[in-house]
Amino acid sequence: MWALAIAFLLTFFLFRDANRWWASLDGPSVLTQYPSAAIWCFFPLFAALAIPWPLTVWYLRRVGRWEEADGIEDQADSKGGMNMLAVMKWLSIGLVGPIGILTLLAIPIHLSITPTEVRVGHYASIHTEVFKFSQARRLTLVEGYKDRDGSFHPAKDLIIDFADGRRLSGNQVGDGGTDIRDDVMQLLIAKTGITPKLAETADEIPALRAAR
């Protein structure tokens with residue numbers, strides 16, 4: 001059972017490396033930003049807690065060790081005061097399964113900066129969105145964002161508006177509410193060659209009309 005728990009914990013590295021492999025499919029880049037490593041922790045942790053025990057009981061019965069399996073189940077039922085095998089089984093199906101699917105859908109997330117463009121992989125999308133530096137028209141350095149109640153939260157970001165009307169956040173794959181990485185911000189400013197303006201929030205930035 002402990003071996004199974006460790007194996008599930010190690011899936012953290014499987015998800016993380018799959019994310020980096022996916023980003024590498026875009027080709028060479030000057031800088032690539034990946035999502036926070038915390039996003040890959042949820043499935044390994046929940047899977048390691050929920051799946052090994054019912055899977056071990058199932059395996060013991062599968063190989064004919066019924067008495068051992070029944071003893072483990074009876075002991076757990078006595079401590080938990082309920083049918084723990086059923087509880088853990090449905091917890092694995094109803095909670096760990098969806099978490100695993102949601103984690104898989106996050107593998108494409110990344111932001112890669114090349115000499116001529118920015119490539120952004122979005123959640124649950126196999127397509128990479130491309131932003132050409134030659135099409136950048138405006139850079140705005142924002143100080144933070146406001147909640148619905150109007151309270152301000154500092155979170156530095158760089159907003160790039162493009163000629164086709166699209167808008168890119170330099171902190172596209174960063175944690176919500178955190179500052180854009182300095183190396184990402186400086187590289188984006190250098191590649192576009194545009195001096196950024198200042199704004200308190202992104203909502204204050206007027207939209208650019210798409211070029212026809």
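Taking N as the residue count of region 129-212, its C-alpha radius of gyration divided by 2.2 N^0.38 Å amounts to 1.07.
The modelled label-to-label distance between ASP203 and ASP175, using points 7 Å beyond Cα along the C-beta direction, is 2.4 nm. If you average the sequence gap of Cα pairs under 8 Å that are 6 or more apart and divide by the length of region 76-186, what percent do you get for the contact order? With pairs under 8 Å counted, the relative contact order is 15 percent.
Considering only ASP183, ASP149, ASP175, the mean-square fluctuation computed in a Gaussian network model of the chain, springs between alpha carbons under 10 angstrom, is largest for ASP149. Between ALA124 and HIS153, the contour length at 0.36 nm per residue exceeds the alpha carbon distance by 7.6 nm. Computing FRET efficiency as 1/(1 + (r/R0)^6) for ALA163 and ASP17, where r is the C-beta to C-beta distance and R0 is 41 Å, gives about 0.65.
Simple rule: put +1 on each Lys or Arg Cβ and -1 on each Asp or Glu Cβ in the chain, find the dipole, and look at ILE160, VAL96, LEU49; the Cα lying farthest toward the positive end is ILE160.
Relative to the current alpha-carbon distance between LEU31 and ARG61, full extension at 0.36 nm per residue lengthens the span by 5.7 nm. The trypsin sites (Lys or Arg not before Pro) found in region 92-159 that occupy coil by DSSP, while having at most 10 further C-beta atoms within 10 Å, are ARG148.
Pairs of lysine in the chain with Cα under 26 Å and at least 8 positions apart or on different chains: total? Lysine pairs, 8 or more places apart or on different chains, close enough: 8.
When the trypsin sites (Lys or Arg not before Pro) in region 2-69 are filtered for DSSP coil states and for at most 15 other beta-carbon atoms within 10 Å of their beta-carbon, the remaining sites are ARG65. According to the calculation over all Cα-Cα pairs in the chain, the P(r) per 10 Å bin from zero is 8, 25, 24, 17, 12, 9, 4, 0 %. Per the helix-only calculation at 222 nm, which mean residue ellipticity applies to the chain, given -39500 (n - 2.57) for every DSSP H run of n ≥ 4 and division by its residues, nearest 500 deg cm²/dmol? Rounded to the nearest 500, it is -12000 deg cm²/dmol. Cα centroids of region 149-185 and region 89-134: 18 Å apart. Using a cutoff of 8 angstrom between alpha carbon atoms and counting only pairs six or more residues apart, the relative contact order for the chain works out to 19 percent.
All of the numbers you see were taken from the coordinates with simple rules; none came from a lab. Small disclaimer: the values here were computed from a predicted structure and weren't measured. Quick reminder, even Gly has a Cβ in these numbers, built from the backbone with ideal geometry, and neighbours come from all protein chains shown.
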